[in-house]
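Read through the structure below, which is laid out as structure tokens, and then see the notes.
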Amino acid sequence: MSDTARARKLADRIRVVVAETLQRRIKDPRLGYVTITDTRITGDLREATVFYTVFGDDDEERAASAAALESAKGVLRSEVGRQTGVRFTPTLTFVPDALPENARTIDDLLAKAREADAQVREASSGASYAGDADPYRKPGEDEDDEEPGTDGQESGTDGKGSPDA
């Protein structure tokens, strides 16, 4: 097993090498506007997975770019081996990144939430409180002058201020 820091550095280096090689050396007309988003490498440094996105929504462009990447895999692996200097050059596997689809799904969910919030705001704009505007009692405010449970007399007196006899 190798060090995870070394694997991470090698993965970053592979991402840069593949992106630069695609930009400078690969002249395949099927290759659309491809962006290398991430690279992950196994712990034994034998297999590297390269994640990519293709600009645009056309499925034909994505399929053509995937075919172009598969055909350029040998050139890309040779360049990775030459520029990284590792004993065993990792095999490259290209996987379309799901990030754009996830972002689109999140945007759709946020739009639905905004619509629901707008409907609630519209429904509550002309509404009034079900009870009083301020349902809480404040100290010092008495609704009745008398306390509950008394008949207007103080306990222990006959009503004239003298104690009961």
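The values are calculated or read from the model by the stated rules, or taken from the named source; none is laboratory data. This one's a predicted model, so the numbers in the text were calculated from it and none came from an experiment. Counting neighbours? That spans all protein chains shown, and the Cβs are built from the backbone with ideal geometry, glycine included. Areas reflect the complete protein model, heavy atoms only, side chains present, ligands, DNA and RNA absent. Shrake-Rupley method; radii C 1.70, N 1.55, O 1.52, S 1.80 Å.
Here the condition is being polar (S, T, N, Q) and assigned to a loop (DSSP other than H, G, I, E, B); of THR37, THR89, it holds for THR89 alone. For the stretch 68-94, the set of residues classified as closer than 16 Å to LEU31 by Cβ and either open to solvent by less than 40 Å² (accessible area, probe 1.4 Å) or under 28 Å from the mean Cα position of the chain (by Cα) (or both) consists of ALA68, LEU69, ALA72, LEU76, GLU79, LEU92, PHE94, listed by residue number.
Taking the criterion of being out of contact with any helix residue (DSSP H, G or I) (no Cβ under 7 Å at 6 or more places or on another chain) and either β-branched (Val, Ile, Thr) or without any contact (Cβ under 8 Å) to a residue 12 or more places away in the chain (or both), the residues of the stretch 41-58 that qualify are THR42, THR49, ASP57, ASP58. Contact map, the stretch 96-122: residues that are closer than 25 Å to ALA67 by Cα paired with residues that are in a helix (DSSP H, G or I), Cβ distance under 9 Å, separation 6+ or inter-chain. Pairs shown: PRO96/ARG62; PRO96/SER65; PRO96/ALA66. As for the stretch 68-76, it holds at least one residue that is closer than 30 Å to ILE14 by Cβ, among the charged types (D, E, K, R) and in a helix (DSSP H, G or I).
Scanning the stretch 21-40 for residues that are under 29 Å from the mean Cα position of the chain (by Cα) and free of Cβ contacts under 8 Å to residues at least 40 places away in the same chain yields GLY32, TYR33, VAL34, THR35, ILE36, THR39, ARG40. Just one residue in the set THR21, THR42 is over 15 Å from ASP97 (Cβ atoms) and in contact with an Asp or Glu (Cβ under 6 Å, 6 or more places away or on another chain); that residue is THR21. Only residues that are open to solvent by less than 70 Å² (accessible area, probe 1.4 Å) and either more than 14 Å from LEU92 (Cα to Cα) or basic (Lys, Arg) (or both) were counted across the stretch 2-19, and they come to 3.
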